[in-house]
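Take a look at the structure set out below.
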Amino acid sequence: QEGVVWPVEVACKSSSAAFHCRILAMMPVSEPDLVPARRGLAAACGAAMIAGSTAFSAGSAPTARPSASAKASLSEPKIVQVESSSRAGPEATAGATMAGGALALLVSGKRKSRGRARKGARLVQTVRPAVPPGVYCDAQEACQRRKTRTVMVGDVPVGSEHAIATQTMTTTLTHDVEATVAQVKKCADMGIDIVRITVQGMREAKACEGIKKRLLEDGYKTAIVADIHFTPKVALVCADFVDKVRVNPGNFADGRKSFDTLSELTAEDIKEATDAIEESLTPLVLKLKEQGKAMRIGVNHGSLSERILFQYGDSPEGMVASAIEFGEICRKHDFHNFIFSMKSSNPQVMVNAYRSLAREMYKLGWDYPLHLGVTEAGGGSDGRIKSAVGIGALLQDGLGDTIRVSLTEDPEFEAKPCISLRGVAERAIGKGVAPFNEHSERRNGVFSRRKCEFPLDIPLNQDGTVLSRITVKEMKDMDTKTLVERLGLRLRADGDIQKDWKSIDVMVVDGMVPPGVGVKIKTLLDIPMGVICKEGPNVPEGATVMLESEKAAQGDSQPERVGGYALVFTGDESEEIMQKALKNVKPRMMLLKPTSGDARTFTSRRFFAAVSQIEEGKSVPTMLWYTYPKAEGQDEDDVVVRASADFGSLFVDGMGEGILWDAEDLNADDLRESSFNLLQASRMRISKTEFISCPSCGRTLFNLQETTAKIQERTGHLPGVRVAIMGCIVNGPGEMADADFGYVGSGVGKVDLYVNYDVVKRAIPSEEAVEALVDLIKEHGRWQDPSDGDDDEVEAEVGAVAVI
């Protein structure tokens, strides 16, 4: 037919790594002209067979409406599996090259006709490659960016061929055009590429026109995204003025959730619901397609639809199902300019959800970009660490094309951690280790922690041990009070030293111990606190002796002693060295200290895979010891973000039982505080109240930053309690699933209080709501009065600490 173009793509993967080709052909096809099209496919398949390909596929898709017979012949992907026992040699590769060249000649004729047919056409990749089980990223042993198509968001390209784009969201009232424009400019000046604005009604939708116009007049081409919840009609209006529309599958068509109205769900119910979604979404899809604009299918763990919750539970599987439903509707209308996001306030859930979606897209042959973010991360160091744990873990595996760090702060302050995370990704690309076998189901989405045997003579915390390095010189110069403060201990008025909620568990002494320092170490051991130091005459009984793996493997078996030994590995040792060292020493714990700052994630995964196969080491607790020296152009925020990404990429997969964060840019107090925050963000050790706090936007019904500060001041001393603070209803009820108590704006000056999913108090005046929350915590037996001073009785035990 005149104007019909069939993009044909053939992917071939050889049985050896020596040959990998992709052949792309664009050809005009009319109904009598199917033979050359089939011949083109045959030539490409022949090239794959010559190369000894074990798996390849070919597909085609129309970019305009074909005739019925043409559609029947070519519109569906054709899957072909080829088995070959031979490997591709030089002759085979040369033959494949010739075959590819033949295909190019075959489809290069009739240039005029080809040019006419191609005009206005869009290439759609429809390859369905054979994918091994568990694949969610391009490489197991190195960081390689997942290959995606490019989605244009205004003038900003998003995809694997481009730098990772940074994003934020305004907190102004969108209908206040002047204030919103000023905030967008401030964000753009800080290095933000894309800014999202909330559009909750027609007034805000119409304001988008003025916002975009003013920005362009002032020379700002910053891409603008409309954030839509509950209102498909509003989305259609603002689509005329913005560069991208974000829709939330949980509430775009399904509306507000009550969580308790469904008792059963039939196939007819599911079809009715999906039909309703398609009816609501299709007009927006067609409009964005017509205007060449983009969409984000933004799934949120806290706002899954009631139907999805009923079908899949509050799970990553439900998030993936929700995303795929909306993606299929876009694809049905040949609209491919969209991006996925899978956000959660829980970094572990978030990482699992993105991996699960990537795994599903590999199976389907989809190549849409990913927008990464941990939602409701909070503010300050907590928010940056929690975001870096989730986003960084994915970036280290090559997933992610645009990112947002959601902070309960003004939006321009999100720029710096976003840029730092982009730096993490850029440094990681291409770095890795030699291929290895993981011996686990991690890549298939199965989470498990190592089953460790914790020693009786070292007070390790089974939920996550915090270690700190201190030099002999530092220790020698410290009096008791200074040493106690340095380690986060509590010195009572009577001179007794006790552990607190955030005391260091184990101290690592750097250097040979002189006599005076040995006395101080004995004092710490009596608290009890773990102390690791090099072997020497002044090391008191009960201290743990630190040995290097290479020397331990070459020496004799070590005698048993109180405090035992800590064995230091770099992660580069052979399995033979590891086995000999573990057999000779029988350590109480291991310290994994990579020599290089590159590829720590992969070095550590390889180490844990190897030690899992060694009987003497598979149940030994392992502490991650990562060092971050000073570097030009690096500040404290960079170090916090980079380290959180490194440690978090292991902790979210259950690898590592403790943390020794060694950084020259941070002081001892900041390192200790950040270590505890990182363990809590990784869902390991809970050492304080956790606040799930949204970043605020134009929907927020109270001053979120001030209210969060008030709630933190009143409830911040309650370890193990999770409080969600939500500015509005959009994500509020859903995020209660991950919190014990919730504080949610329900109207102007009104707040609803939740216990888990259930709203228990409604429409409380905002000036009374903080105290009402405190009363609610007391009613449920989770309250304890804050400590008044040093003379209070303090429980030394924190969590599951094993002591003699």
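Observations on the model:
- Cα gyration tensor shape for the stretch 460-538, rounded if a/c is under 1.5, else prolate or oblate: oblate
- Computed log₁₀ I(q)/I(0) - Debye formula, equal Cα scatterers, no solvent, the stretch 323-456, q 0.18, 0.19, 0.21 Å⁻¹: -1.10, -1.17, -1.28
- Shape of the stretch 400-535, Cα gyration tensor, a/c cut at 1.5: prolate
- Subset of Lys499/Lys688; Lys522/Lys618; Lys147/Lys431; Lys185/Lys688; Lys451/Lys586 violating a 26 Å alpha-carbon distance limit: Lys522/Lys618; Lys185/Lys688
- Cα centroid separation - the stretch 641-717 against the stretch 422-461, whole Å: 20
- Percent of beta bridges antiparallel (DSSP, the stretch 431-571, rounded to nearest 5): 10
- Extension gain from Glu713 to Asp635, taking 0.36 nm per residue of separation minus the Cα-Cα distance: 25.3 nm
- With both labels modelled 7 Å from their Cα along Cα-to-Cβ, the Glu485 to Asn444 distance reads 5.4 nm.
- Ranked by how many other beta carbons lie within 10 Å on average, peptides 573-579, 542-548 from highest: 542-548, 573-579
- Extension gain, Ala163-Thr523: 0.36 nm per intervening residue step, less the Cα-Cα distance, totals 124.3 nm.
- Highest average packing first - 759-767, 415-423, 282-290, Cβ atoms within 10 Å: 415-423, 282-290, 759-767
- Of all accessible heavy-atom area on the stretch 129-238, the percent that carbon and sulfur account for (1.4 Å): 55
- Cut-off 11 Å between beta-carbons: net charge of the residues surrounding Val751, Lys and Arg +1, Asp and Glu -1: 0
- Net charge over other residues, Cβ less than 13 angstrom from the Cβ of Arg443 (K, R count +1; D, E count -1): -2
- For a modelled paramagnetic label at Lys147, 7 Å from Cα along Cα-to-Cβ, the residues of the stretch 356-394 in reach, with backbone nitrogen under 15 Å, are 362-369.
- Distance from the C-alpha centroid of the stretch 169-246 to that of the stretch 568-589: 57 Å, rounded to the whole angstrom.
- Cα gyration tensor shape for the stretch 182-309, rounded if a/c is under 1.5, else prolate or oblate: prolate
- Fully extended contour minus Cα-Cα distance, from Asp758 to Ala434, at 0.36 nm per residue: 111.6 nm
- Derived scalar couplings ³J(HN,Hα) [the stretch 229-241; Karplus, 6.51 cos²θ - 1.76 cosθ + 1.60; whole Hz; x for Gly, Pro]: 9, 6, 10, x, 5, 5, 4, 5, 6, 6, 4, 5, 10
- Alpha-carbon centroid distance for the pair the stretch 306-372 / the stretch 470-530, whole angstrom: 49
- The Glu272 and Asp240 beta-carbon pair, evaluated with R₀ = 45 Å, returns a calculated FRET efficiency of approximately 0.90.
- Burial order of peptide ranges 472-479, 647-654, 749-756, 390-397 (average beta-carbon count within 10 Å, highest first): 390-397, 647-654, 749-756, 472-479
- In this structure the amide hydrogen of Ile339, modeled in the peptide plane, comes within under 5 Å of the amide hydrogens of Met295, Arg296, Ile297, none closer than 5 places in sequence on its chain.
- For the stretch 350-467, the relative contact order is 23 percent, taking Cα pairs closer than 8 Å that sit 6 or more residues apart in sequence and dividing their mean separation by the residue count.
The values are calculated or read from the model by the stated rules, or taken from the named source; none is laboratory data. Predicted model, so just to flag it, every value in this text is computed and none were measured. Virtual Cβ from ideal backbone geometry, glycine too; neighbours counted across all protein chains shown. Surface accessibility is based on the protein's heavy atoms, side chains included, excluding ligands, DNA and RNA. Shrake-Rupley method; radii C 1.70, N 1.55, O 1.52, S 1.80 Å.
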